[in-house]
């Protein structure tokens, strides 16, 4: 098989994989969340393998096909556009041998900024404003969640408690939305780089964005940021309280990356199969208690140094 045939085969395969991932993100609620988080992975891989033009055409064609079959541009369209765009930017940064920090900041920051600008533009066109449009979307999803909850035949008392809490939940979600969106984007970037370093081991094994992921450490002084944000949570001024909460969410996400890095470090040392690693990452993404555990491991690594980095031990390489 010549190079042209291999490229064509990769293009068709990549388009099919991305399209199926997009369809799973829409039509399968439970598995769809995992598919949504992993949408950047195939886009990043085929951007690196096929180059900018062919690599950019794959997500465009996939999104077009999914839009046609799903009956139009729903809110899911914009969410998928953001994740596919992030995958392309990850591939751009990896192709230019950017560091892990720069790769994540560029790919997440660009999509975050573009998303808020797009929201403001759509809100102005609709005549309601971006915040009001977002508020309405959150309210609809909360109402849909309550309806699903009731259909599961849960006790009426539990459903009533949830219904009575919807206004407060809506109020809080609107005010922490910047941190939530930023955290999801950064988490998706980190997760897909973790997986991408194994998928592309033969092609880009020495790329800085890949090689430092499982030995990366947050700056020691960052713990004071967490302490400062925790103090702000006790302030009576609501603006300060929600500022502290937003920053706290982002900082805890940083420590979750460090915890995931520790997990990846020992996965690599114990030669855990890729499929099992992917499944474990997916379970962590779905189980809040496991997320808290990973954050705790990353946070206390500042003092415990679970990987024994910078100790002079050749079995535990330094960053």
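From the C-alpha gyration tensor of segment 33-107, pull out the three semi-axes of the equivalent ellipsoid (sqrt of 5λ each), sorted largest to smallest, in whole Å. Intermediate results must be reported in sequence, preceding the final value.
On the way: eigenvalues 107, 38, 15 Å².
For segment 33-107, the semi-axes come out at 23, 14, 9 Å.
Going highest first, how would you order 83-96, 291-304 by mean Cβ packing within 10 Å?
Working: 83-96: 23.4, 291-304: 16.6.
Final packing ranking: 83-96, 291-304.
First check a/c for segment 149-203, with a ≥ b ≥ c the square roots of the eigenvalues of its C-alpha gyration tensor; if it is under 1.5, answer rounded, and if not, answer prolate when a/b is larger than b/c or oblate otherwise. Write down the numbers at each step before the final one.
On the way: a/c = 7.71, a/b = 2.14, b/c = 3.60.
Oblate.
Please compute the modelled spin-label separation between residue 57 and residue 177, points set 7 Å along Cα→Cβ, answer in nm with one decimal.
3.7 nm
Rounded, prolate or oblate: which fits segment 213-319, taking a ≥ b ≥ c as square roots of the Cα gyration tensor eigenvalues, rounded meaning a/c under 1.5, else prolate when a/b beats b/c? Could the numbers behind the result be given before it?
Details: a/c = 3.60, a/b = 1.61, b/c = 2.23.
Note, shape of segment 213-319 comes out oblate.
How would you order 218-228, 48-58, 275-285 from highest to lowest mean count of nearby Cβ atoms within 10 Å?
Values: 218-228: 12.8, 48-58: 17.6, 275-285: 14.7.
Order by mean packing, descending: 48-58, 275-285, 218-228.
Could you compute the FRET efficiency for residue 287 and residue 117, with r as their C-beta to C-beta distance and R0 at 45 Å, rounded to 0.05?
Values: r = 34 Å, r/R0 = 0.75.
That pair, residue 287 with residue 117, gives E of 0.85.
Let me know the shape class of segment 99-196, please: from the alpha-carbon gyration tensor, a ≥ b ≥ c as square roots of the eigenvalues, rounded when a/c is under 1.5, otherwise prolate if a/b is greater than b/c, or oblate.
Values: a/c = 3.03, a/b = 1.51, b/c = 2.01.
Because a/c hits 1.5 or more and a/b fails to exceed b/c, segment 99-196 counts as oblate.
Only helical DSSP H runs with n ≥ 4 go in: add -39500 (n - 2.57) per run for the chain, normalise by residue count and round the 222 nm mean residue ellipticity to 500 deg cm²/dmol. Walk me through the intermediate numbers first.
Details: 14 runs with 260 residues, N = 319.
-27500 deg cm²/dmol, from helical runs alone.
With labels modelled as points extended 7 Å from the Cα through the Cβ direction, what inter-label distance (nm, one decimal) is found for residue 234 paired with residue 102?
4.2 nm
Can you tell me the Rg and the Dmax, both Å, for the Cα atoms in the chain?
In order Rg, Dmax, the Cα atoms of the chain give 20.9, 69 Å.
May I ask you to derive the FRET efficiency for residue 162 and residue 250 from their Cβ-Cβ distance with R0 = 25 Å, giving the value to the nearest 0.05?
Details: r = 28 Å, r/R0 = 1.10.
That pair, residue 162 with residue 250, gives E of 0.35.
Show me the ranking of peptides 245-255, 261-271, 136-146 by mean Cβ neighbours inside 10 Å, starting with the highest.
On the way: 245-255: 19.0, 261-271: 16.5, 136-146: 13.5.
Highest to lowest by the protection proxy: 245-255, 261-271, 136-146.
Using Cα pairs under 8 angstrom and six or more residues apart, how large is the relative contact order of the chain, in percent?
Values: 335 pairs, mean separation 46.0, N = 319.
Reported relative contact order: 14 percent.
Every read-out reported here was derived from the displayed coordinates using simple, explicitly stated rules and does not represent laboratory data. All figures in this text were calculated on a predicted structure; none of them were measured in a lab. Positions of Cβ are backbone-derived with ideal geometry, glycine not excepted, and every protein chain shown enters the neighbour counts.
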